[in-house]
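Engineer: There's a structure below that I have some questions on.
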Amino acid sequence: MKLTDIFNSDKVCISCEVFPPKQGTELQNSLGIVKRITEARPSYISVTYGAGGSTVGYSAALAKEVQSYGLPALAHLTCVQADEAKITRVLGEMKNNGIQNILALRGDIPSGAQGTGGCFAHASDLMRFIKKQGDFCVGGAAYPEGHPESGSMARDIDNTKYKVEAGVDFLVTQMFFDNTILYNYMFRLLSAGINVPVVPGIMPVTNANQINRICQLSGTKLPPQFRAMVEKFADKPVALQQAGIAYATGQIIDLVANGFNHVHIYTMNRPEIIGGIMRNLSEIVK
């Protein structure tokens with residue numbers, strides 16, 4: 001199933017993400033995580049892609065496993081250090097495994113490297129190439145607070161327009177912790193003529209150190225009430241997990257109340273996180 005079919009539905013849909021093990025580590029554990037996550041019955045599961053495509057084999061295996069449970073897989077694909085031959089090969093593997101949905105990303109440029117080191121300078125270049133290779137449903141990333149490298153929000157919106165012009169079918173946002181940021185961002189997108197489906201990305205906080213590192217890298221801002229929650233329970237991991245799930249649930253309910261029926265959860269391979277959220281939304285997601 002293509003994700004655009006899901007996005008065309010009025011049903012409230014919650015998705016989540018898994019990431020493959022590092023090279024040389026046990027794949028079986030990750031397959032077990034997929035099984036546990038599917039028990040929460042998200043609408044679809046995205047599968048990340050290692051830096052430079054380093055986990056491509058594992059990523060494909062996890063995406064195939066997701067679909068074996070009757071859920072659509074959204075396979076990530078990055079173009080850093082990749083040429084057309086490599087991308088064509090990976091797309092062929094996805095097609096053979098029945099994967100129809102791809103999240104096309106530039107990927108992180110390795111430290112000290114000059115540019116992407118491949119045939120694709122931008123995610124929009126990759127999207128355009130994928131669209132020529134088959135009938136894939138292609139998604140892209142969106143940044144409600146602006147990409148750290150864009151320099152300005154106006155430039156970031158221009159870059160997002162390039163993705164739409166390249167044929168992107170939907171956008172999934174970077175995490176944010178204040179829904180007002182997303183609502184303001186949506187106004188900017190619509191003003192720029194961008195009207196593809198936008199799926200908000202929510203990250204439930206379960207580790208204070210982890211969230212601080214992520215925010216430093218992404219530039220994500222922490223609202224006072226969120227920061228107070230993290231500081232209050234930083235030394236109580238079980239309490240922080242409960243509070244993080246509650247905070248994320250509140251964000252999702254507000255999003256749904258304001259017309260966003262599809263929300264993506266960054267669960268960091270934690271089945272208990274998506275499980276807790278889905279239980280909180282049991283009368284909303286039916």
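The values are calculated or read from the model by the stated rules, or taken from the named source; none is laboratory data. Worth saying up front: this structure is predicted, and the values here are computed from it rather than measured. Methodologically, a virtual Cβ is constructed for each residue, glycine included, from the backbone with ideal geometry; neighbour enumeration extends over all protein chains shown.
Engineer: Among the residues that make up the range 188-207, is at least one of them in a helix (DSSP H, G or I), surrounded by fewer than 14 Cβ atoms within 10 Å (Cβ to Cβ) and at pLDDT below 95? Can you show your working first?
Structural biologist: So the first thing to find is which residues in the range 188-207 are in a helix (DSSP H, G or I), and the list is 188-191.
Cutting the leftovers down to surrounded by fewer than 14 Cβ atoms within 10 Å (Cβ to Cβ) gives us 190-191.
Subset that is at pLDDT below 95: none.
The answer is no, given that none of the residues of the range 188-207 is in a helix (DSSP H, G or I), surrounded by fewer than 14 Cβ atoms within 10 Å (Cβ to Cβ) and at pLDDT below 95.
Engineer: Which pairs have Cβ atoms under 8 Å, sit 6 or more apart or on different chains, and link a residue in the range 27-53 that is at positive phi to one that is small (Gly, Ala, Ser) and modelled with pLDDT under 95?
Structural biologist: Note: pairs meeting the criteria are GLY52/ALA82; GLY52/GLY107; GLY53/ALA82.
Engineer: Of all residues in the range 237-252, which are loosely packed, with under 14 Cβ neighbours inside 10 Å and aliphatic (A, V, I, L, M)?
Structural biologist: Listed by number, the residues that qualify are VAL238, ALA239.
Engineer: With GLY244, GLY250 as the choices, which residue is over 24 Å from LEU74 (Cβ atoms), part of a helix (DSSP H, G or I) and either small (Gly, Ala, Ser) or touching a Pro at 6+ places or on another chain (Cβ under 6 Å) (or both)?
Structural biologist: Numbers: GLY244 fails: over 24 Å from LEU74 (Cβ atoms).
The unique qualifying residue is GLY250.
Engineer: While we're here: Out of everything in the range 253-286 that is of a type in the set (Gly, Ala, Ser) and not in a loop (DSSP other than H, G, I, E, B), what residue ends up being nearest to VAL66 (Cα to Cα)?
Structural biologist: Filtering first and then ranking leaves GLY275.
Engineer: Now for a separate question. Would you call LEU189 touching a residue at least 60 places away in the same chain (Cβ under 8 Å) and at negative phi? Quick ask: steps written out before the conclusion?
Structural biologist: Working: touching a residue at least 60 places away in the same chain (Cβ under 8 Å): no; at negative phi: yes.
Against the criterion (touching a residue at least 60 places away in the same chain (Cβ under 8 Å) and at negative phi), LEU189 does not qualify.
Engineer: Using beta carbons and a limit of 9 Å, which pairs, at least six apart or on different chains, have the first residue in the range 197-221 and farther than 21 Å from LYS163 by Cβ and the second one surrounded by fewer than 17 Cβ atoms within 10 Å (Cβ to Cβ) and basic (Lys, Arg)?
Structural biologist: Short answer, once both residue conditions are applied: CYS215/LYS221.
Engineer: What pairs come up if the first residue lies in the range 119-131 and is over 14 Å from VAL164 (Cβ atoms) and of a type in the set (A, V, I, L, M), the second is assigned to a loop (DSSP other than H, G, I, E, B) and at pLDDT 95 or above, and their beta carbons are under 8 Å apart, counting only those six or more places apart or on different chains?
Structural biologist: ILE130/PHE136
Engineer: Please state which of the following conditions VAL168 fails to meet, knowing it meets all the rest: (1) assigned to a loop (DSSP other than H, G, I, E, B); (2) surrounded by fewer than 22 Cβ atoms within 10 Å (Cβ to Cβ); (3) not polar (S, T, N, Q).
Structural biologist: VAL168 satisfies all of (1) assigned to a loop (DSSP other than H, G, I, E, B); (2) surrounded by fewer than 22 Cβ atoms within 10 Å (Cβ to Cβ); (3) not polar (S, T, N, Q) except (2).
Engineer: Filter the range 1-49 for residues that are of a type in the set (Gly, Ala, Ser), assigned to a loop (DSSP other than H, G, I, E, B) and within 16 Å of the chain's Cα centre (by Cα) and give the result.
Structural biologist: Residues of the range 1-49 of a type in the set (Gly, Ala, Ser): 9, 15, 24, 30, 32, 40, 43, 46.
Retained after the next criterion (residues that are assigned to a loop (DSSP other than H, G, I, E, B)): 9, 24, 40, 43.
Listed by number, the list holds a single entry, SER43.
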